[in-house]
Amino acid sequence: MTDLPQKLQRWFDARGWQMHPHQQAMLDRASAPALLLIAPTGGGKTLAGFLPTLSELSEAPAPGLHTLYVSPLKALAADIKRNLRTPIEEAGLNIRVEDRTGDTTATQKKRQRADPPHILLTTPESLALLTSYEDAPRMFAGLKRVVIDEIHSLAESKRGDQLMLALARLQTLCPDLRRVGLSATVDDPEAIARLLARHPDRTEILEADPGPDPDIEMLVTDTPPPWSGGGAKYAIPAVLDEVRKHKTTLIFHNTRAQAEIFFHHLWLANDEGLPIGIHHGSLDRGQRERVEAAMVAGDLRAIVCTGSLDLGIDWGDVDLVIQVGAPKNVKRLVQRIGRANHRYNAPSKALLVPANRFEVVECVAALNAVRARDLDGDPRGPGPRDVLCQHILIAACAGPFDADMLYAEMISAGAYAGLTRAEFDACLDFCATGGYALRAYDQWRRILQREDGLWQLRDPRSAQRIRMNIGTIQDTDTLKVRMRGRGGKPLGEVEEGFAATLTKGDTFLIGGQIVRYEGLREMTVEVSRDAAQKPKIATFMGTKFATSTQLSHRIVEMCQQADWPELPEHTADWLRLQREVSRLPQPGRLLIESFPHDGREQLVVYGFAGRNAMQTLGLLLTKRMEEEGLAPMGFVATDYATLIWGLDAVTNPTPLFDIDRLEAGLDGWLAGNAVMKRTFRASAHIAGLLERQVGGQRKSGKQATMSSDILYDTLLKYDPDHLLMQITREEAMRGLVDFDRIREMAARVEDRIDLLRLSRITPLSAPLFLEPGRVPIKGTADERLLEEEVTRLLDASGLAGIDAPAKPVWRVPW
Amino acid sequence: MNRLSFDFRGEHLEALGSGALHWPARSVLVVSDLHLGKCARLSATGGAALPPYDARETLGRLERDIAATSPAHVICLGDSFDTADIRAHLPMEERSRIADLAGARRWTWIEGNHDPGTAGLGGETRADLGLGPLTFRHIARPDPGGEISGHYHPKARLALRGRMISRPCFLLDAERLILPAYGAYTGGLRTDSPTLSDLMAPDAHAILCGPKPVRIPMPRAAVQARTGT
């Protein structure tokens, strides 16, 4: 057993603390080349990660970087800096800790490169940027440990892939570097271990005591939840009661819009003025920081929040977590519940609040899964190659490189262990020349091979442009919102698409207040205060979660029951009503509903095949409908159903569901659909074909959309096997296609398709109409709409002369 | 063929869905802002190499429109090349395709702000050209009088039943006609931008490109946005 150095031991003793067993184990195994700690939230995970560092630096530390700490959130880095200061100061250690994120000043960044602290706290993007400088070897010289916090969250995205490539680089610079990962409870620790290790070495896994089962229930209210909707307004009085009964409550929502609406209603009902705040990623930073500070100070009784509070920031004394809306994913639910009660080994307390009756079913299914400790997770495929292209460009920024060595370094990252040399060479060629079949402008290649065999940038000035585009996070195109007038207060951001639908006088919610749209000036949405009670709903999106496959299965099983004694009466009633006015999904059959709604024809396909497969089904069905002349306008998919709207009703579904023709469509679907273009756009940005920022000026999101769409169309036509098209296809197959499950569904169903023509929206379909992520189909519907509009405009302008003063009959939003 | 006929200064003209303009009486085909070689210029400045297929795509469209209208005279309204010197860097195949087109009929290159000077690929190069009641030039002037120009790459944006549709478009009033950009990699300036809203008369129309060109009142800026209040 490794003892703590005296100074630290005295500090522990002075506080009457003892190390948790897993903290001791981390200290004992401090020399492991790769070590993964799995511990529940509140288990002193971060301190466990830092104890070996504090130990090693306790006596007269040499100058220079010793430990690099990487976290997914800037705020987390700042928080850890605060928390580390306590033991360092109180134990009298001579250790310098600094953070470095996008928010750090240029002067400080420069100084950090010349004179790095002992412990540097940063994010994957800032680390990638650091490795792109020529002086990286000097800055990282002597680095001993890398601690990756919340690695389970990074493991789910390209940020994790980029981070592991940067680690491979660091390992070359510092061969003795030890890797430590800190993770919340996950379904498959081995998968994260493989990601963390230097391939083909192994990672040691250390699992802390998971603690007692959480105390988790569904909130039962006197008022039943509505048939549909995501607001959970009905539960406001009950939620306020709970807030009163507890010290601090976190109220989680799945989307920002839902959080805004809930917060608004909470305040309308908050007669005694309990201090309640709101926190989500679209709010202005200053506003978020004020809420964070108030929370740390213990001034707030509740915070309405989204995923922006998901990660392990220490927000003080939370004793209740409320999840509003279906949890979608059991693993995330368990992690959120862990936010409550930071006393290790005391059960966390949580309440689920379903927003509507379908979510009651989902919540009950999720509760059963939590009790069975049945966590869900989807395995990730090999590392994406767009990230690899960016890494090659980063390497070129740092100085001339040897392709063999770079390749060897890359395949030491677990996700890229299977990368072939040919695949690597294709990425290198893409970075150098664009990698086109037509070799038109080789004289302007971006990187070129010198006579000594090393590769370097043709134009050294391009390093600056490459650095400005480092990162894998895809922002949605957003516009800033501020109060009108000189020095108007910044409020936050809304999606550009949402802003485009606003006309002067429209009201929406942001930061918990209702504002009135005044106009757009220099890419900023200007608003004024409005006293309205009911706003036009803010549709700007937060992260959209998919219900996991396991959870979907549990739900289908519940649908098949004869009755539902375990569900509240109102929800059982709702399912009975669906059975009465339409039908409930049955095993071995495919239920399809068709009805008019909202001026369009709606088609609902209850496939229960998971969100990705239902999304693909939406793409393929709309393509088939286009072929049949049914003028589809778009679709939206959830885990259990696909909703398609269009100008004409479907009367005979059988030809649409012919599996051979659907599969034939799979090849053709690449042509021009919005999902593929969105995927292409993200990859083109990551791989460096498109630049987000030119000369410090951010391109407006709209320009970026247009040019990436044109490039996609051009490549599809002239160079369909281009690397980026391959990447786009891979990404889509991995993320959005899942055609196997459609095939499985078709085999299960054969010709047992039940099309029900109904006069109106059905209970089970209602939630689909509120689902974000609607995908437009640009086809004949556009031409027909334009024709309608022209007719209408001509009629209207004819009448306008007689009926003055005419109000504007149409408008072009900004 | 997808065309929309209209009258301008007493002449009968046709807008093609591709963004070209046809003048049947004189057998003239007009296109604007081809921006050939744009991806080459962008690569030369140290950015990523964009797919070098823009010239093929643009020339392909032009060949199709020429085949459909059999013009005796083609007028390119300027910015035909993305920079004056990029002409020399176009691949041989594309240079010869351009020379073939220009050699087979009367061909006028109007100089644009991107491509002053002679093209050297056949045809004549001029600052502007008058034909009957119409004057062809690159940038619209304050005193038009039957002027046909390009330069602004106008595009219109409409919100229809919750769907945003954005299309390159012709802009038309009694005095002037502005053509959309014909090139494959060209962006656009929205008709509701102050520049275009100020340039065109209040009763201007837009003809939207697409599978079937349509004519509508020009979508323009709300008054308060234009005056900046």
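Taking the Cα centre of the protein assembly as shown as origin, work out the dipole magnitude from +1 charges on Lys and Arg Cβ and -1 charges on Asp and Glu Cβ, in debye rounded to 20.
It comes to approximately 1880 debye.
Grab the beta carbon distance between residue B:174 and residue A:529, set R0 = 45 Å, and tell me the FRET efficiency rounded to 0.05.
0.50
Would you mind counting up the charge near residue A:528? Only other residues with Cβ under 9 Å from its Cβ, with Lys and Arg at +1 and Asp and Glu at -1.
Residues near residue A:528 contribute 0 overall.
Within the set of other residues whose C-beta is less than 12 Å from the C-beta of residue A:203, count the net charge using Lys and Arg as +1 and Asp and Glu as -1.
So the surrounding residues net to +3.
Could you name the aspartates and glutamates whose alpha carbon sits less than 16 Å from that of residue A:7, not counting residues in the same chain fewer than 8 places away?
Counting by Cα, and skipping residues close in sequence, residue A:7 has these aspartates and glutamates nearby: A:56, A:59, A:89, A:90.
Suppose only helical runs count, i.e. DSSP H with n ≥ 4. What mean residue ellipticity at 222 nm does that imply for chain A under -39500 (n - 2.57) per run, divided by all residues and rounded to the nearest 500 deg cm²/dmol?
Helix-only estimate at 222 nm: -12000 deg cm²/dmol.
At what distance in angstrom do the alpha carbon centres of region A:392-415 and region A:190-265 lie from each other?
Result: 40 Å between the Cα centres.
How far apart, in nanometres, would the label points at residue A:439 and residue A:220 be if each is projected 7 angstrom from Cα along the Cα-to-Cβ direction?
7.5 nm
Excluding residue B:146 itself, what net charge comes from residues whose Cβ is under 15 Å from its Cβ, given Lys and Arg +1 and Asp and Glu -1?
Within the 15 Å Cβ shell, the charges total -2.
Using +1 at the C-beta of Lys and Arg and -1 at the C-beta of Asp and Glu, which of A:175, A:33, A:360 has the Cα lying farthest in the positive direction of the dipole of chain A?
Farthest towards the positive end: A:175.
Hey, could you get me the Stokes-Einstein D for chain A, Kirkwood radius over alpha-carbon pairs, 25 °C and 0.890 mPa s, rounded to whole µm² s⁻¹?
Answer, rounded: 85 µm²/s.
Could you give the angle, 0 to 90 degrees to the nearest 10, between helix B:92-103's Cα long axis and the longest principal axis of the Cα atoms of chain B?
70 degrees
Name the most mobile residue of B:183, B:132, B:117, meaning the one with the largest mean-square fluctuation, in a Gaussian network model of chain B with Cα contacts below 10 Å.
Ranking B:183, B:132, B:117 by mean-square fluctuation puts B:132 first.
Beyond a 28 Å Cα-Cα separation, which of these cross-linked pairs lie in this structure: A:480/B:38; A:677/B:212; A:45/A:110; A:233/A:623?
Checking Cα-Cα distances, A:480/B:38; A:45/A:110; A:233/A:623 exceed 28 Å.
Report the paramagnetic label zone for residue A:94: residues of region A:6-47 whose backbone N is under 20 Å from a point 7 Å from Cα along the Cα-to-Cβ axis.
Counting backbone N atoms under 20 Å from the label point, the list is A:6-11.
Give the whole-number value, in cubic angstrom per residue, of the convex hull volume spanned by the C-alpha atoms of region B:3-227.
134 Å³
What nm distance separates the two modelled labels at residue B:11 and residue A:213, each placed 7 Å from Cα along Cα→Cβ?
8.5 nm
Which order do the peptides B:186-195, B:35-44 come out in when sorted by mean C-beta neighbours inside 10 angstrom, highest first?
Put in order of decreasing packing, that is B:35-44, B:186-195.
With r defined as the distance between the Cβ atoms of residue A:108 and residue A:86 and R0 fixed at 25 Å, what FRET efficiency is calculated, to the nearest 0.05?
Once the sixth-power term is evaluated, E becomes 0.65.
At 0.36 nm per residue, minus the direct Cα-Cα distance, what do residue A:560 and residue A:752 gain on full extension? Give it in nm, one decimal, please.
The residue A:560-residue A:752 span can extend by a further 67.5 nm.
Starting from the Kirkwood Rh over alpha-carbon pairs, what translational D in µm² s⁻¹ does region A:389-468 have by Stokes-Einstein at 37 °C and 0.692 mPa s?
D = 251 µm²/s.
With charges set only on the Cβ (+1 for Lys and Arg, -1 for Asp and Glu), what does the dipole of region A:389-468 come to about its Cα centre, in debye to the nearest 20?
420 debye
Picking from B:112, B:139, B:20, whose Cα lies most toward the positive end of the charge dipole for chain B (charges on Cβ: Lys, Arg +1; Asp, Glu -1)?
Result: B:20.
Taking the dipole about the Cα centre of the protein assembly as shown, with the C-beta of Lys and Arg at +1 and of Asp and Glu at -1, give me whichever of A:6, B:178, A:226 is farthest to the positive side.
B:178
Dividing the convex hull volume of the alpha carbon atoms of region A:87-184 by its residue count, what do you get in Å³ per residue?
120 Å³
Roughly how many nanometres apart are two label points built 7 Å out from the Cα toward the Cβ at residue B:88 and residue A:380?
If labels sit at residue B:88 and residue A:380, their model points lie 4.9 nm apart.
Taking the Cα centre as origin and putting +1 on Lys and Arg beta-carbons and -1 on Asp and Glu beta-carbons, what dipole magnitude results for chain B, to the nearest 20 debye?
Roughly 700 debye for chain B.
Would you please give the FRET efficiency between residue A:651 and residue A:576, computed as 1/(1 + (r/R0)^6) with r the Cβ-Cβ distance and R0 = 25 Å, to the nearest 0.05?
Calculated transfer efficiency: 0.30.
I'd like to compare A:382-391, A:293-302: which one has the highest average count of other Cβ atoms within 10 Å, and what's the full order after that?
Answer by packing, highest mean first, reads A:382-391, A:293-302.
Of the residues B:133, B:142, B:24, which exhibits the maximal mean-square fluctuation in a Gaussian network model of chain B defined by a 10 Å Cα contact cut-off?
In the Gaussian network model the winner is B:142.
None of the figures in this text is laboratory data; all of them are computed from the coordinates on show. All values reported here derive from a predicted model rather than from experimental measurement. Neighbour counts run over all protein chains shown; Cβ positions are idealised from the backbone, glycine included.
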